[in-house]
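Undergrad: Provided herewith is a single structure, encoded as structure tokens, for subsequent inquiry.
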Amino acid sequence: EAQVTQNPRYLITVTGKKLTVTCSQNMNHEYMSWYRQDPGLGLRQIYYSMNVEVTDKGDVPEGYKVSRKEKRNFPLILESPSPNQTSLYFCASSFRDHNQPQHFGDGTRLSIL
Amino acid sequence: QKEVEQNSGPLSVPEGAIASLNCTYSDRGSQSFFWYRQYSGKSPELIMSIYSNGDKEDGRFTAQLNKASQYVSLLIRDSQPSDSATYLCAAGGTSYGKLTFGQGTILTVHP
């Protein structure tokens, strides 16, 4: 089954404790992207990757890091999480770039205390 | 001005009516436009994509794009209670890789 898999689905943690949210797709997609969703603000793009070793900032990259060492994986790293990063996070992928329909993962709800 | 702006909801329509969802965008060079549906607690799922001016129909859904007015809309005919969800408009911008979403419109279809 074609899918985008995120882990964990839920996480409660404390300020400053490094965490990684993993994202993996099995569709051989070149483009992957991370979004956060907050009430009233819609989805905001954090980082995206056009291919292996090619990443770039979206609209809200502060406090986040990403890497794309393999085509299928695109982890989101919070080096020193803060309460304002409490949000619902989605990973998405598409065949080539941002102009194709995105396939979304099931989401990760992060709570930073 | 927000880059992608949707009509403020929530929108409530009776079952069987036409629901009209609207979206404007500021990046005149945008080439791709999408409507996603998101049920509460779930991930967005694609409803329609549109790339050219005019109408695109898929079952009960019609997307309309007017690049001159920088406007894209989604019409849902014969609305059903199962259509109740948040609808997200997105535009693929001229900045390479950038996809911008609107804030979403909550649609409720009441029996």
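Undergrad: Give the residues of segment B:33-65 that are polar (S, T, N, Q) and either in contact (Cβ under 8 Å) with a residue 24 or more places away in the chain or within 14 Å of another protein chain (Cβ to nearest Cβ) (or both), sorted by residue number.
TA: As a first pass, look at segment B:33-65 and keep what is polar (S, T, N, Q): B:38, B:40, B:43, B:49, B:52-53, B:62, B:64.
Result: B:Gln38, B:Ser40, B:Ser43, B:Ser49, B:Ser52.
Undergrad: Moving on to the next point. What is the residue count in segment A:12-57 for residues that are surrounded by fewer than 21 Cβ atoms within 10 Å (Cβ to Cβ) and part of a loop (DSSP other than H, G, I, E, B)?
TA: 14
Undergrad: Right, another one. Filter segment B:27-51 for residues that are in a loop (DSSP other than H, G, I, E, B) and over 19 Å from B:Ser95 (Cα atoms) and give the result. Give the steps one after another, and end with the answer.
TA: Step one: list which residues in segment B:27-51 are in a loop (DSSP other than H, G, I, E, B), which gives B:27-31, B:39-44, B:51.
Residues satisfying the conditions are B:Tyr39, B:Ser40, B:Gly41, B:Lys42, B:Ser43, B:Pro44.
Undergrad: May I pose another question? Is at least one residue of segment A:58-74 within 10 Å of chain B (Cβ to nearest Cβ) and under 27 Å from B:Glu3 (Cα atoms)? Before you say what the answer is, go through the steps one by one.
TA: Narrowing segment A:58-74 to residues within 10 Å of chain B (Cβ to nearest Cβ): A:58-59.
Among the residues that remain, those that are also under 27 Å from B:Glu3 (Cα atoms) are: A:58-59.
The answer is yes, given that some residue of segment A:58-74 is within 10 Å of chain B (Cβ to nearest Cβ) and under 27 Å from B:Glu3 (Cα atoms).
Undergrad: Would a scan of segment A:35-51 turn up a residue that is more than 12 Å from every other protein chain (Cβ to nearest Cβ), within 28 Å of B:Tyr51 (Cβ to Cβ) and either of a type in the set (S, T, N, Q) or without any contact (Cβ under 8 Å) to a residue 24 or more places away in the chain (or both)? Reasoning before the result, please.
TA: Within segment A:35-51, the first condition is being more than 12 Å from every other protein chain (Cβ to nearest Cβ), and the residues that meet it are none.
No, that holds for no residue.
Undergrad: Those residues that are within 14 Å of another protein chain (Cβ to nearest Cβ) and not basic (Lys, Arg), I need them from segment B:97-111; list them, please. Please lay out each step first, then the result.
TA: Initially, segment B:97-111 is screened for residues within 14 Å of another protein chain (Cβ to nearest Cβ), giving B:97-106.
Those that are within 14 Å of another protein chain (Cβ to nearest Cβ) and not basic (Lys, Arg): B:Gly97, B:Leu99, B:Thr100, B:Phe101, B:Gly102, B:Gln103, B:Gly104, B:Thr105, B:Ile106.
Undergrad: Residues that are away from chain B (no Cβ under 14 Å) and surrounded by 18 or more Cβ atoms within 10 Å (Cβ to Cβ): does segment A:97-107 have at least one? Walk me through how you get there before you give the answer.
TA: Looking only at segment A:97-107, we keep the residues that are away from chain B (no Cβ under 14 Å), and these are none.
Taking every residue of segment A:97-107 in turn, none turns out to be away from chain B (no Cβ under 14 Å) and surrounded by 18 or more Cβ atoms within 10 Å (Cβ to Cβ).
Undergrad: Search segment B:84-96 for residues being crowded, with 19+ Cβ neighbours inside 10 Å and not polar (S, T, N, Q), and hand back the single one that is farthest from the other protein chains (Cβ to nearest Cβ).
TA: Filtering segment B:84-96 for residues that are crowded, with 19+ Cβ neighbours inside 10 Å and not polar (S, T, N, Q), the one farthest from the other protein chains (Cβ to nearest Cβ) comes out as B:Ala85.
Undergrad: Here are some conditions: (1) within 14 Å of chain A (Cβ to nearest Cβ); (2) surrounded by fewer than 22 Cβ atoms within 10 Å (Cβ to Cβ); (3) in a loop (DSSP other than H, G, I, E, B). B:Ala68 meets all but one. Which one does it not meet?
TA: (1)
Undergrad: What number of residues in segment B:16-47 are exposed (fewer than 13 other Cβ atoms within 10 Å of the Cβ) and either modelled with pLDDT under 95 or not β-branched (Val, Ile, Thr) (or both)?
TA: So the first thing to find is which residues in segment B:16-47 are exposed (fewer than 13 other Cβ atoms within 10 Å of the Cβ), and the list is B:16, B:18, B:28-29, B:39-41.
Remaining after also requiring either modelled with pLDDT under 95 or not β-branched (Val, Ile, Thr) (or both): B:16, B:28-29, B:39-41.
Summing the residues that are exposed (fewer than 13 other Cβ atoms within 10 Å of the Cβ) and either modelled with pLDDT under 95 or not β-branched (Val, Ile, Thr) (or both) in segment B:16-47 gives 6.
Undergrad: I need every pair where a residue in segment A:78-92 that is of a type in the set (Val, Ile, Thr) has its Cβ under 8 Å from the Cβ of a residue that is modelled with pLDDT of 95 or more and surrounded by fewer than 16 Cβ atoms within 10 Å (Cβ to Cβ), sequence separation at least 6 or different chains.
TA: Qualifying pairs under 8 Å: A:Thr86/A:Ser111.
Undergrad: Okay, next question. Any residue in segment A:59-73 that's closer than 20 Å to A:Arg96 by Cα: show its pairings with residues that are aliphatic (A, V, I, L, M) and at pLDDT below 95 at Cβ separation under 8 Å, as long as the two are six or more apart or on different chains.
TA: A:Arg68/A:Val52; A:Arg68/A:Val54; A:Lys69/A:Val52; A:Glu70/A:Val52; A:Lys71/A:Val52
The values are calculated or read from the model by the stated rules, or taken from the named source; none is laboratory data. Everything quoted here is computed from the prediction, not taken from an experiment. When we count neighbours, we look across all protein chains shown, and the Cβ atoms used for this are built from the backbone with ideal geometry, even at glycine.
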